[in-house]
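To start, the structure under review is shown below, and the notes come after it.
The values are calculated or read from the model by the stated rules, or taken from the named source; none is laboratory data. Note that this is a predicted model, so its numbers are computed, not measured. In this analysis, Cβ positions are derived from the backbone assuming ideal geometry, glycine residues included, and neighbour counts consider all displayed protein chains.
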Protein chains: 2
Amino acid sequence: MKANANRAAAVARPRSGIPGTQSAPVPTENELYGITELAREFGISLRAIRFYEDKGLLAPRRINGGRAYTRRDRVRLGLILRGKAVGMSLAEVEHILSLYGDHGEGHAKQLDYLVGRIDEAMQELDTRRRNIEAMLGDLADAKGQLQRTLALKRRVRKK
Amino acid sequence: MKANANRAAAVARPRSGIPGTQSAPVPTENELYGITELAREFGISLRAIRFYEDKGLLAPRRINGGRAYTRRDRVRLGLILRGKAVGMSLAEVEHILSLYGDHGEGHAKQLDYLVGRIDEAMQELDTRRRNIEAMLGDLADAKGQLQRTLALKRRVRKK
DNA sequence: CCGAGTGCTTACGTTAACGTCAACAGACTG
DNA sequence: CAGTCTGTTGACGTTAACGTAAGCACTCGG
């Protein structure tokens, strides 16, 4: 267990890796996470995380053979899981993730295209939301009907 | 093609089945549908519909060996597909469908229980909806950022 | 130096949700 | 009466999304 914490810290903080080699202080964007750390945080298996990587949804750097995730990776993982919770396939999630990239350099044409894709994605999500709202409405109806039946039963019984 | 329409009608309307045998006019709840009819209407395959039946989500009566679906079946099929669109598994859909049943006879205890289940289902759906709204928000952010970048590019170019 | 703990890769197994294919039955249609 | 259409029942194939297991590497505390 002690080794556990140490190991995790070793992956998380390069400064405790090989002393001297990683002395260059990267200005921003530090904070690396280990795979178990992320797995625990999000309540999923290591296997699942590696699977997402196989599918190209994550691309952690390698430190000493082990995977090291940045904050950005962490955010992406969150988006992946949220996408799944929303009922999207990993392929769809990948598609949406591509809309978040570092397109700071893209040509205007490409950026326009991206905006279009985002609009599409938003419309699909909206459709999904409407479906959910329809189901919620139906369930509310069913519930109301049940409760009316219940009220009748109770009234009869009281008499 | 003519045979098609005739066949479909034969399944849909018992009066053109075996003349004389089906002369008793059922008061309400007529209108039967054939499997291809439903498949076309909902844009799914026959195989899928039969599959849902295997899974216990549909239980059409049999007329002459063929499946005959009532309006109620049609509604259920709609719910199934909507459930799927919402990201539910068939098992979850089945669970929800059970909340719509003809519980006109149930004991008050059971009806109470049902109301509870419905509430649960509604809460889960609400969670899903919130997730979708979060994604929509994220996408809107991404879009806004893109558009600002675009505006800058255009302004520079105009100069 | 060794065993525990963590991680990596490879490969095979599994479940859900169908699709595809084959072979066949009944009923019109011409 | 042969052909076409619609429908039925298996059996097998497929894709997605992992789970499980095996075997090896590394690293740290004792």
A:Leu150 passes all but one of the listed conditions (1) farther than 30 Å from B:Lys109 by Cβ; (2) within 11 Å of chain B (Cβ to nearest Cβ); the exception is number (1)
If you go through A:Gly83, A:Gly78, A:Gly65, the only one that is crowded, with 17+ Cβ neighbours inside 10 Å and either within 11 Å of DNA strand C (Cβ to nearest atom) or within 14 Å of chain B (Cβ to nearest Cβ) (or both) is A:Gly83
| Test: B:Gln123 is without any contact (Cβ under 8 Å) to a residue 40 or more places away in the chain and surrounded by fewer than 14 Cβ atoms within 10 Å (Cβ to Cβ) | yes
Residues of region B:129-139 being more than 7 Å from every other protein chain (Cβ to nearest Cβ) and under 17 Å from A:Val115 (Cβ atoms), in sequence order, are B:Gly137, B:Asp138
Scan region A:104-113 and give yes if some residue there is under 15 Å from the mean Cα position of the chain (by Cα) and either within 16 Å of DNA strand C (Cβ to nearest atom) or exposed (fewer than 15 other Cβ atoms within 10 Å of the Cβ) (or both), otherwise no.
no
By residue number, the members of region B:32-46 that are closer than 17 Å to B:Ala59 by Cβ and either among the β-branched types (Val, Ile, Thr) or away from DNA strand C (no atom under 12 Å from the Cβ) (or both) are B:Leu32, B:Tyr33, B:Gly34, B:Ile35, B:Leu38
By residue number, the members of region A:59-102 that are assigned to a strand (DSSP E or B) and more than 12 Å from DNA strand D (Cβ to nearest atom) are A:Arg61, A:Arg67, A:Ala68, A:Tyr69
Inspect all residues belonging to region B:143-151 and state whether any of them is part of a helix (DSSP H, G or I), free of Cβ contacts under 8 Å to residues at least 60 places away in the same chain and under 27 Å from B:Gly34 (Cβ atoms).
no
>> Please verify whether A:Leu114 is assigned to a helix (DSSP H, G or I), within 30 Å of B:Tyr113 (Cα to Cα) and facing another protein chain (nearest Cβ under 7 Å), treating the condition exactly as stated.
In response: no
Note on region B:46-58: residues without any contact (Cβ under 8 Å) to a residue 12 or more places away in the chain and more than 11 Å from DNA strand D (Cβ to nearest atom) are B:Ala48
Selection from region B:47-58 of residues more than 8 Å from DNA strand C (Cβ to nearest atom), in contact with a helix residue (DSSP H, G or I) (Cβ under 7 Å, 6 or more places away or on another chain) and either outside the structural domain of B:Gly34 (by TED's automatic domain parsing) or farther than 12 Å from B:Leu81 by Cβ (or both) yields B:Gly56
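The rows are residues; the columns are (1) in contact with a Gly (Cβ under 8 Å, 6 or more places away or on another chain); (2) not hydrophobic (A, V, I, L, M, F, W, C).
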| residue | (1), (2) |
| --- | --- |
| A:Tyr33 | no, yes |
| A:Phe42 | yes, no |
| A:Ala48 | no, no |
| A:Lys55 | no, yes |
| A:Leu58 | no, no |
| A:Tyr69 | yes, yes |
| A:Arg74 | no, yes |
| A:Leu77 | no, no |
Would it be correct to say that B:Leu99 is facing chain A (nearest Cβ under 10 Å), surrounded by 15 or more Cβ atoms within 10 Å (Cβ to Cβ) and aliphatic (A, V, I, L, M)?
yes
Restricting attention to region A:11-33, the residues that are more than 15 Å from A:Gly78 (Cα to Cα) and at pLDDT 50 or above number exactly 4
